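The values are calculated or read from the model by the stated rules, or taken from the named source; none is laboratory data. This structure is a prediction, so every number in the text was calculated from the model and none was measured. As a convention, Cβ positions derive from the backbone with ideal geometry for all residues, glycine included, and neighbour counts pool all protein chains shown. Surface areas here come from the heavy atoms of the whole protein model, side chains and all, with no ligands, DNA or RNA. Shrake-Rupley method; radii C 1.70, N 1.55, O 1.52, S 1.80 Å.
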Amino acid sequence: MKRTWSEKIRRAADAALHNKSFVMGLVLIGFLLIIALFPQLFTSYDPTKLDPSHKMLSPSAEHLFGTDNYGRDVFARCIYATRVDLQVGFFSAIVPFAFGTVMGILAGYYGKWVDMVVMRFLDVVMALPFTILVVAIMAVLGNGIRNMYIAIWIIGWVTFTKLVRAEVLVMKNSEFLMALRISGFSDMRIIFRHILPNAVSSAIVYLASYIVMCMLTCASLSFLGLGVQPPTPEWGSLMNDGRAYLAQAPWITCFPGIFIAVAGVGFSLLGDGMSDFLRARGR
């Protein structure tokens with residue numbers, strides 16, 4: 001008997017909730033999302049307000065993470081930076097994911113010159129480290145979060161394309177797809193109804209780790225003064241603010257680093273959980 005969509009969703013949700021890695025990752029990322037959406041619930045301090053009379057205070061009941069060299073509350077800045085970093089992670093990843101998936105399907109399904117052009121571009125881009133290419137593009141475009149998005153979008157889709165193309169090549173000559181072609185199904189119907197749902201699974205798993213990479217790239221660029229610009233709080237820029245005061249006030253750098261680590265662990269656990277779930281479903 002054919003299962004309904006509601007039954008499929010219920011069974012998938014039940015399997016996911018029995019996966020410890022997925023649940024732990026979901027809890028961590030869910031907590032960060034709550035912080036990002038409702039930062040005022042966690043702190044009453046203004047993250048950009050200067051208070052020179054309270055600069056570089058050590059952590060206390062009044063200032064949980066201490067204050068920085070301008071007297072700003074580090075806890076408030078970490079809390080409000082969560083929204084910026086998660087936004088960067090999601091928006092930097094979703095465009096390469098969508099575009100890379102489409103390009104991977106087209107290259108794998110149609111082959112010939114389409115595949116040749118796409119793969120040659122992939123070879124050129126993947127010959128150099130991701131961060132170096134992003135920095136090089138931003139050197140041309142200029143500083144700022146918008147240019148950072150553009151730089152990551154230009155480079156980021158190549159890995160998704162490679163993953164999806166490999167999945168499509170496996171399915172391309174299967175008896176199932178050959179039967180669909182013989183039955184007169186159009187290419188668009190075959191691609192979007194039958195290839196896409198099966199080929200995108202590996203890209204979805206990679207998406208979780210790619211979000212982390214985008215957040216780390218943003219933090220690195222902000223640390224270098226290329227990404228999110230002051231006074232907007234961002235974990236990488238917060239770490240950069242405390243670089244000159246590591247001996248006197250290590251909390252300025254340490255606490256934003258802990259937030260980055262928590263986000264990285266959360267998304268990594270989500271990716272591992274989804275990988276286990278999809279592998280089990282494939283068996």
(request) Determine which residues of the stretch 99-119 fall in the zone a paramagnetic label at F192 would reach in this model, i.e. backbone nitrogen under 16 Å from the point 7 Å along Cα→Cβ. (result) 99, 101-103, 105-106
(message) Highest mean first, how do 207-217, 126-136 rank when packing is the count of other Cβ atoms within 10 Å averaged over residues?
(response) 207-217, 126-136
(request) Using Cα positions and a limit of under 12 Å, work out the aspartates and glutamates in reach of K162, with same-chain residues fewer than 8 apart set aside. (result) D115, D123
(request) Please give the length that would be gained between I94 and H54 if that part of the chain were fully extended, namely 0.36 nm times their separation in residues minus their C-alpha to C-alpha distance (nm, one decimal). (result) 10.3 nm
(request) Two decimals is fine: what is log10 I(q)/I(0) at q = 0.24 Å⁻¹ for the stretch 81-132, from a Debye sum with one equal scatterer on every Cα and no solvent? (result) -0.94
(message) Calculate the FRET efficiency for C254 and V170 from the Cβ-Cβ distance with a Förster distance of 45 Å, rounded to the nearest 0.05.
(response) 0.45
(message) Over the chain, with the other protein chains present, what is the accessible area per residue in square angstrom, probe 1.4 angstrom?
(response) 54 Å²
(message) Can you tell me, using C-alpha contacts under 8 Å and at least 6 residues apart, the relative contact order of the stretch 174-257 as a whole percent?
(response) 15 percent
(message) For the chain, compute the orientation-averaged projected area of the C-alpha convex hull (one quarter of its surface), in nm².
(response) 18.4 nm²
(request) Return the whole-Å distance between the Cα centroid of the stretch 129-208 and the Cα centroid of the stretch 43-95. (result) 36 Å
(message) Counting only helical runs of four or more DSSP H residues, what would the 222 nm mean residue ellipticity of the chain come to if each run contributes -39,500 (n - 2.57) and the total is spread over all its residues?
(response) -23500 deg cm²/dmol
(request) Just name one of F91, I145, L50: the one whose Cα is farthest towards the positive end of the charge dipole of the chain (beta-carbon charges, Lys/Arg +1, Asp/Glu -1). (result) F91
(request) Return the carbon/sulfur percentage of the accessible area of the stretch 63-213, one whole number, probe 1.4 Å, all protein chains in place. (result) 71 percent
(message) Springs between alpha-carbon pairs under 10 angstrom, Gaussian network model over the chain: which of W251, W157, W113 fluctuates most?
(response) W113
(request) Might you work out the accessible area of H18 for me, using a 1.4 Å probe with all protein chains in place, and round it to the nearest 10 Å²? (result) 140 Å²
(request) Work from the charge dipole of the chain (Cβ charges, +1 for Lys and Arg, -1 for Asp and Glu, about the Cα centre) and give the residue of L246, I105, A127 farthest towards its positive end. (result) I105
(request) For a quick protection proxy, order the peptides 187-194, 233-240, 218-225, 84-91 by their average other-Cβ count within 10 Å, most packed first. (result) 233-240, 218-225, 84-91, 187-194
